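Okay, structure first, notes after.
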Amino acid sequence: KYKFNCLVLQETRSEQGFSSNGNILRFCSGHSGRHLGIEIWIDIETPFAFGRKGKPYCFQSNHFQIAHSDPRRMLLRCDTGFWSFWLLAIHAPHSGYTAQERAEWWNSTTEIVDQHHDGDALFLAGDANAAPGPADHKVVCREGFATSANTNDFRQILQHFDLHLPATGPAHVGDNAT
């Protein structure tokens, strides 16, 4: 089993780049006129796995590579030598944008990931500005979720990459109101 401690932030307004401080790696997508901006923070002190004899394995900065970065999304590749995955951090346009603008953003996001993704595990984190919609018992695991302006586009990318929303399943504990 592998696990990682990661935090994805939106509206950070930070300059594009990479830094580290203490046990945190910080990847910054950059902003657009002092608006937007994505950051991904990765904990490199907490082990992501333990070997057979209890040896801890921790991330290192050289395990990561930014494959794509813009003010609303970042695609980060991780390869430790024995575990590799992708992390897509997003801040989708909200319903104040036209349906065409929102659809184009979701379609271009899918295209960006398709250009790089090699089939390794893909994690998606961020603000989709979308309600999950009705249960299909694959992407959305249970009933009771609303539909919103971005639901269809959000569901398409989740289905395209065979992802599901863990917060809609039985393992989730707590409120789903945010």
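The values are calculated or read from the model by the stated rules, or taken from the named source; none is laboratory data. Bear in mind that the values here come from a model prediction, so they are computed numbers and not experimental data. Cβ atoms come from the backbone with ideal geometry, glycine included; neighbour counts cover every protein chain shown. To get the accessible areas, we keep the full protein, side chains included, count just its heavy atoms, and leave off ligands, DNA and RNA. Shrake-Rupley method; radii C 1.70, N 1.55, O 1.52, S 1.80 Å.
List of remarks:
- Search result, residues across segment 23-40 that are part of a loop (DSSP other than H, G, I, E, B), small (Gly, Ala, Ser) and in contact (Cβ under 8 Å) with a residue 12 or more places away in the chain: Ser29, Gly30, Gly37
- For Leu124, the conditions (1) of a type outside the set (S, T, N, Q); (2) more than 24 Å from Trp41 (Cβ to Cβ); (3) open to solvent by 30 Å² or more (accessible area, probe 1.4 Å) are fulfilled apart from (2).
- Residue count for segment 42-75 satisfying the condition of being aromatic (Phe, Trp, Tyr) and over 18 Å from the mean Cα position of the chain (by Cα): 2.
- Single residue of segment 79-118 satisfying the filter (open to solvent by 20 Å² or more (accessible area, probe 1.4 Å) and among the hydroxyl-bearing types (Ser, Thr, Tyr)) that is nearest to the chain's Cα centre (by Cα): Thr110
- Scan of segment 95-136 for residues that are free of Cβ contacts under 8 Å to residues at least 12 places away in the same chain, over 29 Å from Ser84 (Cβ atoms) and not hydroxyl-bearing (Ser, Thr, Tyr), ordered by number: Gly96, Gln100, Glu101, Glu104
- Annotation note: of Thr46, Thr80, Thr151, the sole residue that is free of Cβ contacts under 8 Å to residues at least 24 places away in the same chain, farther than 23 Å from Gln16 by Cβ and of a type in the set (S, T, N, Q) is Thr151.
- Taken over segment 15-48, residues that are open to solvent by less than 10 Å² (accessible area, probe 1.4 Å), at pLDDT below 95 and under 18 Å from Ile90 (Cβ atoms) amount to 1.
- All positions within segment 58-67 that are free of Cβ contacts under 8 Å to residues at least 24 places away in the same chain and either farther than 15 Å from Ser19 by Cα or of a type in the set (A, V, I, L, M) (or both): Cys58
- Residue check: Ser148 meets all listed conditions (1) in a loop (DSSP other than H, G, I, E, B); (2) open to solvent by less than 30 Å² (accessible area, probe 1.4 Å); (3) under 25 Å from Gly37 (Cβ atoms) but one, namely (2).
- The single condition among (1) in a loop (DSSP other than H, G, I, E, B); (2) within 15 Å of the chain's Cα centre (by Cα) that Ile157 does not meet is (1).
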